[in-house]
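J.: Below: one structure in structure tokens.
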Amino acid sequence: MKGVLHAVRDGTGRWIPLVLRVLLGALFIVHGSGKLAAAIQDPHIPGFTKSVDAIGFHPGVFWAWVVTLVEFAGGICLCAGLFTRAAAALIAVEMIVAGLTVNLPRGFYWTKGGAEVPLIFAVLGAILALAGPGAASLDGLIWGGGSRSEITGPPASGSRQGS
């Protein structure tokens, strides 16, 4: 634990959100790409639309597209560090809704299709929405100041910057 706290204090902690957002982004690109491939074959996404309708989100085709775009485009945005906070917040909200409406009725554990994994994804999305993009992000290049996450705070006195 001392190593993590030291990394946050000395500024190297700015890389933590980068690793988290690329990992989470890649996972959501994979999840969204399957839905997007189905949507390209049939824009009504019949199988997924039926599932979305069944849990009470009407019109199902609209919400099926929302979920597909949040996952695929949100994953791309996270990997690139573009609109990081918005993409992460949308993913967190989607995963909370999915976890509670689709997965929780099956129980908690992922081995039974329960809410465990969606809720972990929701927490990771919320952390990124609060922490920001971290190092090496398009947000930082476009809007400035993105090389540090707010969660890391100012560097500790005596620490070296730029290494």
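The values are calculated or read from the model by the stated rules, or taken from the named source; none is laboratory data. Computed from a predicted structure; not experimentally measured. Cβ sites come from the backbone with ideal geometry, for glycine too, and all protein chains shown count toward neighbours.
J.: Tell me the residue from Ser157, Ser163, Ser149 that is surrounded by fewer than 16 Cβ atoms within 10 Å (Cβ to Cβ) and modelled with pLDDT under 50, please.
T.: Details: Ser157 fails: modelled with pLDDT under 50; Ser149 fails: surrounded by fewer than 16 Cβ atoms within 10 Å (Cβ to Cβ).
The conditions single out Ser163.
J.: Checking the structure you have, find out if any residue of the stretch 3-18 is surrounded by 18 or more Cβ atoms within 10 Å (Cβ to Cβ), more than 22 Å from the chain's Cα centre (by Cα) and part of a helix (DSSP H, G or I).
T.: No, there is no match, as no residue in the stretch 3-18 is surrounded by 18 or more Cβ atoms within 10 Å (Cβ to Cβ), more than 22 Å from the chain's Cα centre (by Cα) and part of a helix (DSSP H, G or I).
J.: Restricting attention to the stretch 79-88, does a residue exist that is modelled with pLDDT of 95 or more and farther than 26 Å from Pro17 by Cβ?
T.: Looking through the stretch 79-88, none of the residues is modelled with pLDDT of 95 or more and farther than 26 Å from Pro17 by Cβ.
J.: Let me ask something else. Taking the stated definitions as given, is Ala135 at pLDDT below 90 and either in contact with an Asp or Glu (Cβ under 6 Å, 6 or more places away or on another chain) or among the hydrophobic types (A, V, I, L, M, F, W, C) (or both)?
T.: So Ala135 fits the description; yes.
J.: Select from the stretch 103-128 the residues that are surrounded by fewer than 17 Cβ atoms within 10 Å (Cβ to Cβ) and either over 30 Å from Leu18 (Cβ atoms) or touching a Gly at 6+ places or on another chain (Cβ under 7 Å) (or both) and list them in ascending order.
T.: Within the stretch 103-128, Leu104, Pro105, Arg106, Gly107, Phe108, Tyr109, Thr111, Lys112, Gly113 qualify.
J.: Same structure again: Only one of Phe57, Phe28 is surrounded by 20 or more Cβ atoms within 10 Å (Cβ to Cβ), touching a helix residue (DSSP H, G or I) at 6+ places or on another chain (Cβ under 8 Å) and of a type in the set (Phe, Trp, Tyr). Can you tell me which?
T.: Numbers: Phe57 fails: surrounded by 20 or more Cβ atoms within 10 Å (Cβ to Cβ).
Exactly one residue qualifies, and that residue is Phe28.
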